[in-house]
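What follows is a single structure, written as structure tokens, with notes after it.
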Amino acid sequence: MTFDGLRQAPSVKRQASNVTWGSSTVNDYAVEVFNLIKKFGDFTAVNGVTFNIRRGEIFGFLGPNGAGKTTTIRMLLGLLRPTGGQATVLGYDIVHQAEEIRKHIGYMSQRFSLYQDLTVSENLDFYGRTYGVRGGRLQERKRFVIEMAGLQGRERELTRNLSGGWKQRLALGAAILHEPEMLFLDEPTAGVDPISRRAFWDLLYRLAEDGTTIFVTTHYMDEAEHCQDLAFIHNGRIIAQGSPEEIKLHKMQGQVLEIDCTQPDVAITVLRQMGLFDEVALYGALIHVVAEGIAEHKPSIAQALAEVGVQVRAMDIIAPSLEDVFIANVRNNAD
Amino acid sequence: MIARTLTIARKELLHIVRDRRTLAVMFFLPVMQLFLMGYAATTDIEHLRTAVLDADRTPQSRELIEAYRASNYFDIVGYVENEETLARMVDDGEVRAGLLIPTGYGEDVAAGRTADVAFVIDGSDPNVANTVYAASQQVGQAQGIRFIERRLGVKAEDMPGVEVHPRVWYNPAMKSANFMIPGLIAMVLFTLTIMLTALAIVREREQGTIEQLMVTPIRPIELIVGKVIPYVFVAFFDVLEVLAIGVFWFGVPIHGSLSLLLLLAALFLMTSLGIGIFVSSVANTQQEAMLVVWLMLLPSIFLAGFFFPIEAMPGFLQALSYLVPLRYMLVIIRGIILKGVGLEVLATQVVALVIFGAVIMVFAATRFRKRLE
């Protein structure tokens with residue numbers, strides 16, 4: 001990806017784009033990050049990441065815990081000063097114009113950070129007012145958010161009494177009360193049940209459709225599939241980026257063979273001992289084997305498994321999941 | 001700017017109202033401390049439980065016992081037959097003093113000789129023992145003068161001598177409450193505000209809400225001021241509460257200007273709020289904050305001369321006490337309430353508090369901002 005945005009003066013305030021997905025131009029970036037670095041003493045948490053986020057898209061930032069996701073977000077929000085590199089959010093420089101950035105973005109941190117001892121309504125009042133939303137507009141926005149989060153009739157309930165999914169939707173509501181142009185969500189669905197996660201992503205789609213740019217970090221690969229653009233971060237470096245389709249198409253070396261068999265634990269040991277494959281991993285009850293030209297290995301695999309009494313029920317070459325790609329890239333990166 | 005600060009203040013008020021336990025601490029702790037200090041921590045000695053061993057059993061010995069009783073310092077709660085019983089009663093704490101009148105006391109008195117009695121004092125608490133010691137001698141001397149008067153047929157007033165007329169200023173009845181309660185007001189201002197501000201800020205850090213606040217347009221200064229405003233009101237309410245109970249229940253007179261008192265209390269708040277903010281920038285959890293607060297409070301309370309006079313401390317502690325802001329507030333508050341003095345007398349203390357307040361506030365606010373980044 002190029003970094004055309006650098007040529008634009010950072011102080012130029014641009015209008016919120018209402019463009020729909022895919023139609024935004026290369027110049028219309030909400031976030032431009034170039035070679036961003038953060039060191040904590042000897043430890044390099046973020047090691048020169050570069051990526052752009054188009055306006056109105058859902059951008060997924062993927063990686064395991066400790067990969068540098070939160071550190072990157074905190075730098076973009078002006079909470080941490082970068083050790084090196086440059087970045088703009090909505091055209092504002094992250095070091096010198098953090099205050100401007102904060103007025104135009106919404107943020108949901110990893111921890112639930114609404115006040116548990118305040119009611120739903122009081123929390124929304126508070127966050128609305130901190131952004132200068134008051135009076136009739138505050139009431140109107142509160143109605144919208146409460147309806148969106150499905151919290152009708154619970155306005156006077158203490159936040160601590162809400163269940164996880166509701167809390168999470170309320171936190172999202174508080175983050176969008178002031179109609180930000182852009183949303184930063186740090187692991188928003190961690191620890192939430194699958195149905196609530198689904199409902200939450202539906203909300204994100206609605207927001208994106210209305211033109212909000214969304215930056216979301218996650219370690220759920222199924223959620224990554226919902227994003228228009230992805231960046232995989234590992235040990236502070238971006239190891240792959242692009243749309244889910246692009247990544248699966250271009251970033252995967254070798255093909256994935258999915259094996260459904262009895263005694264998968266035995267099978268995995270045998271396959272690893274064969275020493276022919278880039279990756280042998282268990283996905284639930286299924287085994288994924290990754291190698292260049294995997295089709296040629298099918299007979300030898302069948303034979304090896306038969307020798308130890310493992311019955312193969314199915315063995316097919318499948319399209320790689322994002323998880324396959326991620327694991328493959330992590331390994332390549334480590335080499 | 002002001003709107004955002006008030007938004008924070010309003011939210012903080014909700015936290016206070018929701019948290020019944022803290023609410024109770026805020027409003028009842030000072031009252032409890034007041035009654036404890038007013039009654040329990042008194043060094044006024046009256047009606048000390050006393051046992052008598054009267055081996056003499058003469059009208060003269062009974063007259064002496066009656067003189068002790070009439071002094072009001074001593075309550076004669078029992079008569080014992082021997083010294084062992086008396087010793088046991090003192091050991092047990094049943095009595096704090098014992099009067100021993102040996103056989104022959106009445107005879108000696110009648111014969112015009114010097115009669116000896118012994119007085120046992122429980123000296124565990126030197127403050128009490130001092131007072132009792134003096135009182136026991138005073139009663140004995142008065143009795144001696146009575147003997148002389150009778151024998152010579154004169155009145156003591158008609159005899160040559162020096163009579164000292166002590167005039168106790170500021171607290172003529174020498175009530176400990178009058179000394180303790182003004183000090184307590186300063187203490188309440190100091191401890192409560194430090195603790196409440198420190199805990200309120202650390203709580204946000206502990207719960208992770210501070211990070212959410214930092215990505216809103218709220219500035220650190222607005223956050224600090226907004227969070228502290230409700231506690232300023234709580235502190236003033238507590239001051240008025242303690243003052244009212246002190247005046248109307250314990251009868252502490254306010255000799256000076258109440259408005260000057262409140263004004264200087266506000267000045268002192270700068271210091272204690274600053275320390276509270278400083279603590280919040282050091283501590284990660286509420287427990288840590290409490291610990292730090294206690295580490296700072298205890299030396300402050302002793303070095304400031306809340307319980308014991310600074311003049312009685314060794315030189316280096318006296319020097320150290322100049323670094324304790326509470327010291328100046330104690331002088332101010334006792335000066336205004338007990339002595340009725342004004343700014344002309346308290347100028348040094350006021351200047352000291354201005355300097356402490358400004359330095360601590362700036363230092364704490366800077367640290368707080370740094371900590372956020």
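Given a Förster radius of 35 Å and the C-beta distance between B:ARG18 and B:LEU323 as r, what FRET efficiency does 1/(1 + (r/R0)^6) yield to the nearest 0.05? The formula returns an efficiency of 0.40 here.
Restricting attention to the stretch A:228-335, which GluC sites (Glu not before Pro) occupy a DSSP loop and are surrounded by at most 16 other Cβ atoms within 10 Å? Could the numbers behind the result be given before it?
Working: sites: A:GLU245, A:GLU246, A:GLU258, A:GLU279, A:GLU292, A:GLU296, A:GLU307, A:GLU323; in loops: A:GLU292.
Of the GluC sites (Glu not before Pro), the ones in loops of the stretch A:228-335 whose Cβ has at most 16 other Cβ atoms within 10 Å are A:GLU292.
Contact order, relative form, for the stretch A:179-314: 19 percent (alpha carbon pairs under 8 Å, 6 or more residues apart, mean separation divided by residue count). I'd like the FRET efficiency for B:ASP91 and A:GLU179, computed as 1/(1 + (r/R0)^6) with the beta carbon distance as r and R0 of 60 Å, rounded to 0.05. With a Förster radius of 60 Å, E is 0.15. At 222 nm, what value in deg cm²/dmol follows for the protein assembly as shown if DSSP H runs of at least 4 each add -39500 (n - 2.57) and the sum is divided by all its residues, to the nearest 500? Calculated at 222 nm, the ellipticity per residue is -16500 deg cm²/dmol.
The alpha carbons of the stretch B:1-95 stretch over 85, 25, 16 Å along the principal axes, in descending order.
Accessible surface computed residue by residue for chain B, with neighbouring protein chains in place and a 1.4 Å probe, gives 51 Å² per residue. Across the options B:VAL282, A:LEU80, B:ALA129, the greatest Cα extent toward the positive end of the charge dipole of the protein assembly as shown (unit charges at beta carbon of Lys, Arg, Asp, Glu) belongs to A:LEU80. Only Lys, Arg, Asp and Glu carry charge here, each on its Cβ (+1 for the first two, -1 for the last two); on that basis the protein assembly as shown has a dipole of about 2100 debye about its Cα centre. Buried area at the B:A interface is about 2400 square angstrom, summed over both chains, from accessible surfaces computed with a 1.4 angstrom probe. Extending 7 Å from Cα along the Cβ direction at A:GLU140 and again at A:GLU307 yields two label points whose distance is 7.4 nm.
If you roll a 1.4 Å probe over the stretch B:48-158 with all protein chains in place, what percent of the accessible area is carbon or sulfur? Mind dumping the intermediate values first?
Working: 3120 of 6490 Å².
The C+S portion of the solvent-accessible surface of the stretch B:48-158 is 48 percent.
Where the convex hull is taken over the Cα atoms of the stretch B:111-190, what is its projected area averaged over directions, in nm²? Don't skip to the answer; put the middle values down first.
Values: hull surface 34.2 nm².
Computing the convex hull of the Cα atoms and averaging its projections yields 8.5 nm².
Of the GluC sites (Glu not before Pro) found in the stretch B:66-110, those that fall in a DSSP loop while having at most 14 other beta-carbon atoms within 10 Å are B:GLU81, B:GLU94. Which one of B:LEU86, B:ILE76, B:LEU64 has its Cα pushed farthest toward the positive end of the charge dipole of the stretch B:48-158, where Lys and Arg give +1 and Asp and Glu give -1 at the Cβ? With unit charges placed on the Cβ atoms, the residue in question is B:LEU64.
Averaging Cα coordinates gives a centre for the stretch A:216-294 and one for the stretch B:306-333; these two points are 71 Å apart.
To the nearest 0.05, how large is the calculated FRET efficiency for B:GLU46 and A:GLN116 if R₀ is 56 Å and r is the Cβ-Cβ distance? Mind dumping the intermediate values first?
On the way: r = 53 Å, r/R0 = 0.95.
It comes out at approximately 0.60.
For the stretch B:1-63, the list of GluC sites (Glu not before Pro) that fall in a loop by DSSP and count at most 14 other C-beta atoms within 10 angstrom reads B:GLU46.
Residues whose amide H falls under 5 Å from that of A:LEU183, counting only those 5 or more places apart or on a different chain, are A:GLY106, A:THR213, A:ILE214, A:PHE215, with hydrogens built in the peptide plane.
For the residue pairs A:LYS69/B:LYS370; A:LYS38/A:LYS69; A:LYS142/A:LYS167; A:LYS39/A:LYS251; A:LYS38/A:LYS103, alpha carbon separations beyond 19 Å are given by A:LYS69/B:LYS370; A:LYS39/A:LYS251; A:LYS38/A:LYS103. Principal semi-axes of the equivalent ellipsoid, √(5λ) from the alpha carbon gyration tensor of chain B, are 56, 22, 17 Å from largest down.
Its convex hull of Cα atoms gives the stretch B:151-218 a direction-averaged projected area, equal to a quarter of the hull surface, of 9.6 nm².
Taking 7 Å steps out from each Cα toward its Cβ at B:GLN141 and B:THR114 produces label points 1.5 nm apart.
For the stretch A:176-282, the Kirkwood hydrodynamic radius comes to 16.9 Å, computed from all pairs of different C-alpha atoms. Once a ≥ b ≥ c are taken as the square roots of the eigenvalues of the Cα gyration tensor of the stretch B:252-373, is the result rounded (a/c under 1.5), prolate (a/b larger than b/c) or oblate (a/b not larger than b/c)? Note, shape of the stretch B:252-373 comes out prolate.
I'd like to check one number: the per residue accessible area of chain A, probe 1.4 Å, reported in Å² as a whole number. Before the final figure, lay out the partial values.
Details: 14430 Å² over 335 residues.
With the other protein chains kept in place, chain A gives 43 Å² per residue.
Calculation over all alpha carbon pairs of chain A in 20 angstrom steps from 0 returns a P(r) of 28, 50, 20, 2 percent.
Evaluate Rg over Rh across the stretch B:48-158, taking Cα atoms for both radii and Kirkwood's formula for Rh. Across the stretch B:48-158, the Cα-based Rg/Rh ratio is 0.99.
For the stretch A:20-161, what is the relative contact order in percent, using Cα pairs closer than 8 Å and at least 6 residues apart in sequence? Don't skip to the end; give the middle numbers.
On the way: 171 pairs, mean separation 27.4, N = 142.
Taking the mean separation of contacting Cα pairs over the length of the stretch A:20-161, I get 19 percent.
Note on B:ASN82 and B:ALA134: the extension gain reaches 16.2 nm, defined as 0.36 nm multiplied by sequence separation minus the Cα-Cα distance. With contacts taken as Cα pairs under 8 Å and at least 6 residues apart, chain A reaches a relative contact order of 18 percent.
Normalised by 2.2 N^0.38 Å, where N is the number of residues, the alpha-carbon radius of gyration of the protein assembly as shown equals 1.49. Between B:ARG371 and B:ILE355, residue separation times 0.36 nm minus the direct Cα-Cα distance comes to 3.4 nm. Of all the stretches in chain B, which is the longest one without any exposed loop site, taking chymotrypsin sites (Phe, Trp or Tyr not before Pro) in a DSSP loop (any state but H, G, I, E, B) with at most 14 other Cβ atoms within 10 Å? Here the longest segment lacking exposed loop sites spans B:1-168.
The values are calculated or read from the model by the stated rules, or taken from the named source; none is laboratory data. Only a predicted model underlies this, so the values are computations on that prediction, with no experimental measurement involved. Reconstructed Cβ throughout: ideal geometry from the backbone, glycine too, with neighbour counts over all protein chains shown. These accessible areas exclude ligands, DNA and RNA; they are computed on the full protein's heavy atoms, side chains included. Shrake-Rupley method; radii C 1.70, N 1.55, O 1.52, S 1.80 Å.
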